[in-house]
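Note sheet for the following structure.
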Amino acid sequence: MTQQATNLSPISRAAPLFVPEEPVLNREQKDRLDRDGHVLLPGWLAPDARMCLTEALSDIDAQVAATGSNRPQRYSAEHNAYLAGLIAHPQLLTLARSALGSDIRFDHCVALNRGGGDQGIGWHSHDYAEDRPDLGFLRIFFYVNGFTADDGGLKVVPGSHRFRDPAIRAATDEELASGWLRGKSHPDTNAPLAIETLDAPEGSIVLMWTHAAHAVTPRRPDSPTRWSVVYAYRNPGAPPSAARWISPAFEQNPPPGTESLMRLQ
Ligand SMILES: O=C(O)CCC(=O)C(=O)O
Ligand SMILES: [Fe+2]
């Protein structure tokens, strides 16, 4: 190792994950995340990271195919060393902390690859600390090769996270509109809640509070696989989410640098 390399800080030693060197949300982005429940950051994934992620996520798909089990997908970081190494990546932690504050725990790393013809997923929300609005649960989605609204696209309902309802469910937009959405408006702006479709160029990331209503449109049959993965972090203080997919073995022998993130409380 050269003298120069020895002097590098841990931050510069890790290969860049994001294009912005210091990936903190600016005031406008943080306000948008808190008002809408999500914020899209186009092109944030560094080019080399996109390549490594594509390789890692292909490896997860291959393991799922070989084992016929969804375990490698649900516990992605436990099945791929590159993905494990990102849990405590300095830039990922900087970004998570810019939304959650300094005291955070890792919750899950789940591959969200969607091959051509994938059916997408209906409307739903996720759980954490429903009675503790002071405790945040943030999910950071990596959309490595992006998506369009009608091709494996994420749909959202700005403001829905404010209801902290973990049980939002609907099979179609119509069902959501005539059901859970009906008569609801944003607690701050009073605007009626409405469905929004997103377009994510290659290399996008999306930050989303976990109680936000979301759904995914089907992937077109002739489209290539949508490579994506989500990393989730939370403030400790409540029992963990139902999707805290961390095996006891991983928890007891965590990758270097992740020990404090792996604690329950
Ligand atoms: O595939 C996606 O873009 C989102 C999947 C999803 O609903 C989730 O990870 O909670
Ligand atoms: Fe979801």
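A few comments on the model shown:
Residue-wise test of (1) at pLDDT 95 or above; (2) buried (at least 18 other Cβ atoms within 10 Å of the Cβ); (3) touching a helix residue (DSSP H, G or I) at 6+ places or on another chain (Cβ under 7 Å).
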residue	(1), (2), (3)
Pro20	yes, no, no
Val39	yes, yes, yes
Pro47	yes, no, no
Ala65	yes, no, no
Asn70	yes, no, yes
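- Any hit, the range 80-91, residues being assigned to a loop (DSSP other than H, G, I, E, B) and within 16 Å of ligand 1 (Cβ to nearest atom): no
- For the range 132-148, filtered to residues that are within 12 Å of ligand 1 (Cβ to nearest atom) and in a loop (DSSP other than H, G, I, E, B), the residue that is nearest to Arg182 (Cα to Cα) is Gly146.
- Every residue from the range 149-173 that is more than 19 Å from Asp188 (Cα to Cα) and either in a loop (DSSP other than H, G, I, E, B) or within 12 Å of ligand 2 (Cβ to nearest atom) (or both): Ala149, Asp150, Gly152, Gly153, Leu154, Lys155, Pro166, Ala167, Ile168, Arg169, Ala171, Thr172
- Here Ala129 clears all of (1) part of a loop (DSSP other than H, G, I, E, B); (2) within 16 Å of ligand 1 (Cβ to nearest atom); (3) small (Gly, Ala, Ser); (4) surrounded by 20 or more Cβ atoms within 10 Å (Cβ to Cβ) except the condition numbered (2).
- Residue in the range 163-171 that is touching a strand residue (DSSP E or B) at 6+ places or on another chain (Cβ under 9 Å) and over 29 Å from Ile104 (Cβ atoms) present: yes
This table checks each residue for (1) acidic (Asp, Glu); (2) surrounded by fewer than 21 Cβ atoms within 10 Å (Cβ to Cβ); (3) at pLDDT 95 or above; (4) within 14 Å of ligand 1 (Cβ to nearest atom).
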| residue | (1), (2), (3), (4) |
| --- | --- |
| Gly101 | no, yes, yes, no |
| Trp123 | no, no, yes, yes |
| Phe163 | no, yes, yes, no |
| Glu174 | yes, yes, yes, no |
| Arg182 | no, yes, yes, no |
| Ile205 | no, no, yes, yes |
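The values are calculated or read from the model by the stated rules, or taken from the named source; none is laboratory data. In this text the structure is predicted, and so the values were computed from the model without any measurement. Here the Cβ is made from the backbone with ideal geometry for all residues, glycine too, and neighbour counts use every protein chain on show.
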